[in-house]
Amino acid sequence: MITVQIAEECQPLKVSLSRLEALIVSICSRFSVTDALVSVVIVDDRQIALCNRDFLGHEETTDSISFDLSDGFEKARVFNVIVNGEKALQEATLRNHSPEAELALYVTHGMLHNFGYDDLEEKLAREMHQLEDAILEDFGYGIVYDTAKKG
């Protein structure tokens, strides 16, 4: 069973939390994960910058931070994803799509990191972003990352 918990720690966005939950379940299914606890926290710029500093040693804001807390001894996977709701609002306006689609991109990005994807090298980043758009398009959000491909 996939259990998803979503908490909004910033000004609530006008997004469907149940749709984001279904997206997470879909991503887990895509990677054949049938037993997981996924915790998503939606925060603002200040909060994610603090998390970025405290957990990763980076002194800036970001869109998504994720942690695979699975210990290897339990059957269930445990994932934490922290996403920046404030940045999602800003980027959605700039990129001409909904805040929910942008937030879904951040959640998908974090989940893919938990499944071993990386975006530190250009080739790996391109592969990861193509998969993000494929997942989001399959789920009905359309192409979100590569806005140059939008109709």
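Among the listed residues 97, 109, which satisfies the condition of being outside any strand (DSSP E or B) and either over 11 Å from the mean Cα position of the chain (by Cα) or surrounded by fewer than 17 Cβ atoms within 10 Å (Cβ to Cβ) (or both)?
Only one candidate qualifies: 97.
Exactly one of these conditions fails for residue 59: (1) assigned to a loop (DSSP other than H, G, I, E, B); (2) charged (D, E, K, R); (3) touching a residue at least 12 places away in the same chain (Cβ under 8 Å). Give me its number.
The single condition residue 59 does not satisfy is (3).
With respect to residue 77, is the statement that it is without any contact (Cβ under 8 Å) to a residue 60 or more places away in the chain, of a type outside the set (Phe, Trp, Tyr) and under 24 Å from residue 1 (Cβ atoms) true?
Against the criterion (without any contact (Cβ under 8 Å) to a residue 60 or more places away in the chain, of a type outside the set (Phe, Trp, Tyr) and under 24 Å from residue 1 (Cβ atoms)), residue 77 qualifies.
Looking at segment 11-54 only, could you name the residues that are closer than 17 Å to residue 100 by Cα and either aromatic (Phe, Trp, Tyr) or part of a loop (DSSP other than H, G, I, E, B) (or both)?
11, 12, 13, 14, 15, 16, 44
Spot the failing condition for residue 80; the list is (1) assigned to a helix (DSSP H, G or I); (2) touching a strand residue (DSSP E or B) at 6+ places or on another chain (Cβ under 7 Å), and only one is missed.
(1)
Scan segment 101-113 and give yes if some residue there is out of contact with any helix residue (DSSP H, G or I) (no Cβ under 9 Å at 6 or more places or on another chain), at pLDDT below 90 and at negative phi, otherwise no.
No, there is no match, as no residue in segment 101-113 is out of contact with any helix residue (DSSP H, G or I) (no Cβ under 9 Å at 6 or more places or on another chain), at pLDDT below 90 and at negative phi.
Going through 145, 117 one at a time, which residue ends up being part of a loop (DSSP other than H, G, I, E, B), free of Cβ contacts under 8 Å to residues at least 40 places away in the same chain and aromatic (Phe, Trp, Tyr)?
Sole residue among the options that is part of a loop (DSSP other than H, G, I, E, B), free of Cβ contacts under 8 Å to residues at least 40 places away in the same chain and aromatic (Phe, Trp, Tyr): 117.
Starting from residues that are hydroxyl-bearing (Ser, Thr, Tyr) and closer than 13 Å to residue 47 by Cα, keep the ones in segment 58-67 and report whichever is modelled with the highest pLDDT.
64
With the requirement that a residue be surrounded by 16 or more Cβ atoms within 10 Å (Cβ to Cβ) and at pLDDT below 95, what does segment 22-35 give you?
Once the filter is applied, which keeps residues that are surrounded by 16 or more Cβ atoms within 10 Å (Cβ to Cβ) and at pLDDT below 95, segment 22-35 yields only 33.
Within segment 64-78, can one find any residue that is more than 23 Å from residue 146 (Cα to Cα), of a type in the set (Lys, Arg) and over 13 Å from the mean Cα position of the chain (by Cα)?
Within segment 64-78, one or more residues are more than 23 Å from residue 146 (Cα to Cα), of a type in the set (Lys, Arg) and over 13 Å from the mean Cα position of the chain (by Cα).
So which of 98, 70, 18, 39 ends up being small (Gly, Ala, Ser) and at pLDDT 95 or above?
Exactly one residue qualifies, and that residue is 39.
Here is a list of conditions, (1) out of contact with any Asp or Glu (no Cβ under 6 Å at 6 or more places or on another chain); (2) crowded, with 21+ Cβ neighbours inside 10 Å; (3) free of Cβ contacts under 8 Å to residues at least 60 places away in the same chain, and residue 84 meets all of them except one; can you say which number that is?
(1)
The values are calculated or read from the model by the stated rules, or taken from the named source; none is laboratory data. Worth saying up front: this structure is predicted, and the values here are computed from it rather than measured. Ideal geometry is used to build each Cβ from the backbone, glycine not excepted, and the neighbour counts take in all protein chains shown.
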